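**Q** Pasting a structure below so you can have a look.
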Amino acid sequence: MIKRVSFHVNNSEALFFASLAIYLFVMITRQSFLAIELGLLDGHLYRVVLFVCILLLALKEYIKNKLQVLLLLYGLILSVLIIIIKDVETFAYATGLLYILSARDVPFRRIAKVALITTLFTLMLIILLSLTGVIENYLFEKNTDRPREFLGFFYALYAPAFFLNVVTLVFYLNRGRTSIWVILFELIFNKWLYIKTDSRLSYLLCLMIIAITVFLKLLYVFRIKYGMIRHFKFSIIKGFISACIVFMFVITAVIGIYININYNENNDFQAKLNRVLTQRLHHGQLSYEKYGFKMFGQEIRWIGHGLDNEGRSYTGEKDYLYVDNLYLQILQKYGLVFSVICLILVTVATFMIFKERNWVLLFVLAIIAAHALIDDLVFYIYYNSFWLALAPYLFVRREQQIKEEVLI
């Protein structure tokens, strides 16, 4: 009987991981010129692949939990999506919510490994194909002193953003035990991406995570050799930082939205900050003045510097208007009600993670909360795998799924 249960659990997790790997590969590929070659920009093929992913999730639920009701719920959600969703991108984002639900009883460390392998493989494949000329390596501002290469993607920031997720996953999985060779690879590849794409945000965040990785590695070695730090555990520092992290998403949301809305170009400090953030505050304010926000959202199509699904560039600088602040973007596009619900859910999950004393995951969430101030890509699970880590805290809690090793 025990062996049979174990067999069912393994098979159900295999279905989840297969579905997740397919979803991540397709969604990452759809951000690149490789999608054109594979036909993944076609709405019909795209929907078929997503339906297969959802079907695998439904089978996972049935095998592991024997939940007929949840299986019917998946079918209902799928039917509603087919009927009312015409935008394939919205369909993909709605599918992402099903992964968060389905991840509630799958150990996140295993999810992180699958996400790490799939993301790194797909990222390297696309970059390699672009460098060898199989797919286009678009040059932005090619007549300037420092053109930005898109490395096979539709925007220069995409490849560094995916690599940032890889570095964060490695940090989470290895804690203070990352191999020196892995650290060297991260440093070299991160620098190479920065030279090619001029993506300062991802570059600096990767450097910060790598630096902390090195610090923890040294601390880990010091503890193992001398055993002097285990007793103290930096309780005061951790207590203060963790208390702030519990409401980090609320704090950063309020600060981010307030600064964007009240940006004053005549204020020297704000003007300098806006220049450092490459006009993000200015464009955020323009968007707010133009669209405001509503209770239940509105249709907004911002124009950025990326390429469309046909690989064509958008119009000039005068037409550029994009909100990089995730909190303001969600408020404007999805509305106040959705924004408040999201903040409540993520704060509840963060508080429960704090009670579990999972400091490493709290630290990662703090990085994500700060990152969201100037980059909306962290909203999607194929750019940020750690939304799946919140699932056990938001749905049916299973103690064996949420126990994590704590480094310090």
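The values are calculated or read from the model by the stated rules, or taken from the named source; none is laboratory data. As the structure is a computational prediction, the values presented were derived from the model and not from experiment. Note: ideal-geometry Cβ built from the backbone for every residue, glycine included; neighbour counts use all protein chains shown.
**Q** Among the residues of the range 248-282, which ones are surrounded by fewer than 15 Cβ atoms within 10 Å (Cβ to Cβ), within 17 Å of residue 293 (Cβ to Cβ) and among the polar types (S, T, N, Q)?
**A** 262
**Q** Follow-up. When residue 335 is evaluated against the numbered criteria (1) farther than 19 Å from residue 377 by Cβ; (2) in contact with a helix residue (DSSP H, G or I) (Cβ under 7 Å, 6 or more places away or on another chain); (3) modelled with pLDDT of 85 or more, which criterion, by number, is the only one it fails?
**A** (2)
**Q** Residue 288: of a type outside the set (Gly, Ala, Ser), within 22 Å of residue 250 (Cα to Cα) and either out of contact with any Phe, Trp or Tyr (no Cβ under 7 Å at 6 or more places or on another chain) or at pLDDT 85 or above (or both), yes or no?
**A** Criteria met by residue 288.
**Q** Which residues, counting only those in the range 179-212, are surrounded by fewer than 20 Cβ atoms within 10 Å (Cβ to Cβ) and not in a helix (DSSP H, G or I)?
**A** Once the filter is applied, which keeps residues that are surrounded by fewer than 20 Cβ atoms within 10 Å (Cβ to Cβ) and not in a helix (DSSP H, G or I), the range 179-212 yields 179, 198.
**Q** Quick one: which residue in 74, 93 is under 19 Å from residue 24 (Cβ atoms), assigned by TED's automatic domain parsing to the domain that holds residue 45 and modelled with pLDDT under 90?
**A** Testing whether each residue is under 19 Å from residue 24 (Cβ atoms), assigned by TED's automatic domain parsing to the domain that holds residue 45 and modelled with pLDDT under 90 leaves just 93.
**Q** If you don't mind, there's one more thing I want to ask. Would you check if there is a residue in the range 186-195 being under 19 Å from the mean Cα position of the chain (by Cα), under 27 Å from residue 110 (Cβ atoms), modelled with pLDDT of 90 or more and not hydroxyl-bearing (Ser, Thr, Tyr)?
**A** Checked the range 186-195: at least one residue is under 19 Å from the mean Cα position of the chain (by Cα), under 27 Å from residue 110 (Cβ atoms), modelled with pLDDT of 90 or more and not hydroxyl-bearing (Ser, Thr, Tyr).
**Q** Restricting to the range 1-33, and then to whatever is modelled with pLDDT of 90 or more and among the β-branched types (Val, Ile, Thr), can you tell me which residue is farthest from residue 102 (Cα to Cα)?
**A** The qualifying residue farthest from residue 102 (Cα to Cα) is 29.
**Q** I'm trying to understand the selection: among the residues of the range 376-389, which are crowded, with 20+ Cβ neighbours inside 10 Å and either assigned to a loop (DSSP other than H, G, I, E, B) or among the small types (Gly, Ala, Ser) (or both)?
**A** Within the range 376-389, 381, 382, 383, 384, 385, 389 meet the criteria.
**Q** Between residues in the range 193-215 that are under 15 Å from residue 165 (Cβ atoms) and residues that are among the aromatic types (Phe, Trp, Tyr) and surrounded by fewer than 21 Cβ atoms within 10 Å (Cβ to Cβ), which pairs lie under 6 Å by C-beta distance while being six or more apart or on different chains?
**A** Listed by first residue and then by second, the contacts come to 203/194.
**Q** Would you be able to say whether some residue in the range 357-375 is at pLDDT below 85, assigned to a helix (DSSP H, G or I) and surrounded by fewer than 17 Cβ atoms within 10 Å (Cβ to Cβ)?
**A** No, the range 357-375 contains no residue that is at pLDDT below 85, assigned to a helix (DSSP H, G or I) and surrounded by fewer than 17 Cβ atoms within 10 Å (Cβ to Cβ).
**Q** Still on this model: Can you say whether residue 310 is exposed (fewer than 14 other Cβ atoms within 10 Å of the Cβ), in contact with a helix residue (DSSP H, G or I) (Cβ under 9 Å, 6 or more places away or on another chain), at pLDDT 75 or above and not hydrophobic (A, V, I, L, M, F, W, C), as far as the supplied structure shows?
**A** Spelling it out, it is not the case that residue 310 is exposed (fewer than 14 other Cβ atoms within 10 Å of the Cβ), in contact with a helix residue (DSSP H, G or I) (Cβ under 9 Å, 6 or more places away or on another chain), at pLDDT 75 or above and not hydrophobic (A, V, I, L, M, F, W, C).
**Q** Here is a further query. Condition check: free of Cβ contacts under 8 Å to residues at least 60 places away in the same chain and within 15 Å of the chain's Cα centre (by Cα). Does residue 386 satisfy that?
**A** no
**Q** Name, by its number, the condition in (1) at pLDDT 80 or above; (2) hydroxyl-bearing (Ser, Thr, Tyr); (3) under 30 Å from residue 186 (Cβ atoms) that does not hold for residue 263.
**A** Of the numbered conditions (1) at pLDDT 80 or above; (2) hydroxyl-bearing (Ser, Thr, Tyr); (3) under 30 Å from residue 186 (Cβ atoms), the odd one out for residue 263 is (3).
**Q** Only one of these is modelled with pLDDT under 75, assigned to a helix (DSSP H, G or I) and surrounded by fewer than 17 Cβ atoms within 10 Å (Cβ to Cβ): 215, 222. Name it.
**A** 222
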